[in-house]
1. Find all pairs meeting these conditions: Cβ atoms under 9 angstrom apart; at least six residues apart or on different chains; first residue within the range 79-101 and on the phi > 0 side of the Ramachandran plot; second residue outside any strand (DSSP E or B) and open to solvent by less than 30 Å² (accessible area, probe 1.4 Å).
2. Given the conditions (1) assigned to a helix (DSSP H, G or I); (2) farther than 18 Å from Arg38 by Cα, report the number of the one that Ile149 does not fulfil.
3. Check the range 41-52 and report whether any residue there is acidic (Asp, Glu) and touching a residue at least 40 places away in the same chain (Cβ under 8 Å).
4. Have a look at Leu22, Leu36 and point out the one that is within 30 Å of Glu111 (Cβ to Cβ), open to solvent by 20 Å² or more (accessible area, probe 1.4 Å), touching a helix residue (DSSP H, G or I) at 6+ places or on another chain (Cβ under 8 Å) and not small (Gly, Ala, Ser).
5. Looking for whichever is over 22 Å from Asp5 (Cβ atoms) and surrounded by 15 or more Cβ atoms within 10 Å (Cβ to Cβ) here; the options are Trp95, Trp139, Trp128. Which one fits?
6. Can you find a residue that is under 29 Å from Arg38 (Cβ atoms), open to solvent by less than 80 Å² (accessible area, probe 1.4 Å) and acidic (Asp, Glu) anywhere in the range 107-115?
7. Open to solvent by less than 40 Å² (accessible area, probe 1.4 Å), among the aliphatic types (A, V, I, L, M) and in a loop (DSSP other than H, G, I, E, B), is that true of Ile173?
8. Tell me the strands (runs of 3 or more DSSP E) entirely within the range 1-46 that contain at least 1 residues that are under 20 Å from Ala125 (Cα atoms) and touching a strand residue (DSSP E or B) at 6+ places or on another chain (Cβ under 9 Å).
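The values are calculated or read from the model by the stated rules, or taken from the named source; none is laboratory data. For clarity, every value in this text was computed on a predicted model and none was experimentally measured. Heads up, the Cβs are rebuilt from the backbone with ideal geometry, glycines too, and the neighbour counts pull from every protein chain shown. Remember, those area values only see protein heavy atoms, side chains included, never the ligands or the DNA or RNA. Shrake-Rupley method; radii C 1.70, N 1.55, O 1.52, S 1.80 Å.
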Amino acid sequence: MTKHDTWVKLKPGNPYESVLDLFPEGKIPVRDPFPLERTTHDGKQVPLWIIDLDRLSTIQAGALARLIASHRGAEVDEVAQEAESKGGFAMSDGWIESMNCDAEGFQRSKELANFFETAPQPPSARAWQEFYNSQHERWIEGDEVPPPINSIEDVDPRLRTPELERAFQMKKIESAIAAGNYSVMDVLTGRAMTDVLNEIDPENSYSLVGDDDDFDEDEIYE
């Protein structure tokens, strides 16, 4: 099974706040890049995300099991067994505030966008079920491997955002600085950043203020 790569952050006031300090940056690993599981509550269907059991530590899994058991008035072992059978803990879509993902998440989101563009609108229950079955067989039970994402060009245009483009640009800059073997002084003075910007953005010219001035570097330390 491919290791999943989607994380979510939750809205303030969510029922998981008491255990969020166990998750770095408050990010919870989930199995899907969008809610696919469904349950019925008060006669209405509720879309669910699945917190990915395979990516939880023993402490995190235990805390979630105890929290959910307390909320439901159930036994902890009962909640743990249910999570084991489903591959994780179910969480209501309404608590999701933001999501970030990597190659699998982008590929599956692309497939969801394709589904909405090709399925009859609104999608029928049968169309949804066929899409769900395909996703589950290939990405949850199977060994589907997503194409790698190395730049913004590898991301479907429908999924690109200004924030994502800036993130890729910053990653490119950080990689170039790391590969450039710059000194600490080069980084602190901005010379490393200037060199990298000139390398990755040749259509523009970057320089440090005072770069054209003549000076003796030894004078700096006198």
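1. Sorted first by the residue in the range 79-101, then by its partner, the pairs are Gly87/Arg31; Gly87/Ile140; Gly88/Arg31; Gly88/Leu56.
2. (1)
3. Kept after step one, since they are acidic (Asp, Glu), are these residues of the range 41-52: 42, 52.
If we keep only those that are touching a residue at least 40 places away in the same chain (Cβ under 8 Å) too, we end up with 52.
Yes, because at least one residue in the range 41-52 is acidic (Asp, Glu) and touching a residue at least 40 places away in the same chain (Cβ under 8 Å).
4. On the way: Leu22 fails: within 30 Å of Glu111 (Cβ to Cβ).
Exactly one residue qualifies, and that residue is Leu36.
5. Working: Trp95 fails: over 22 Å from Asp5 (Cβ atoms); Trp139 fails: over 22 Å from Asp5 (Cβ atoms).
Only one candidate passes the filter, namely Trp128.
6. Looking only at the range 107-115, we keep the residues that are under 29 Å from Arg38 (Cβ atoms), and these are 107-115.
Checking the rest, the ones that are also open to solvent by less than 80 Å² (accessible area, probe 1.4 Å) come to 107-115.
Remaining after also requiring acidic (Asp, Glu): 111.
Checked the range 107-115: at least one residue is under 29 Å from Arg38 (Cβ atoms), open to solvent by less than 80 Å² (accessible area, probe 1.4 Å) and acidic (Asp, Glu).
7. Numbers: open to solvent by less than 40 Å² (accessible area, probe 1.4 Å): yes; among the aliphatic types (A, V, I, L, M): yes; in a loop (DSSP other than H, G, I, E, B): no.
Considered against the rule, which asks whether it is open to solvent by less than 40 Å² (accessible area, probe 1.4 Å), among the aliphatic types (A, V, I, L, M) and in a loop (DSSP other than H, G, I, E, B), Ile173 comes out as no.
8. Details: elements: 6-10, 28-30, 37-41.
Ranges flagged: 37-41.
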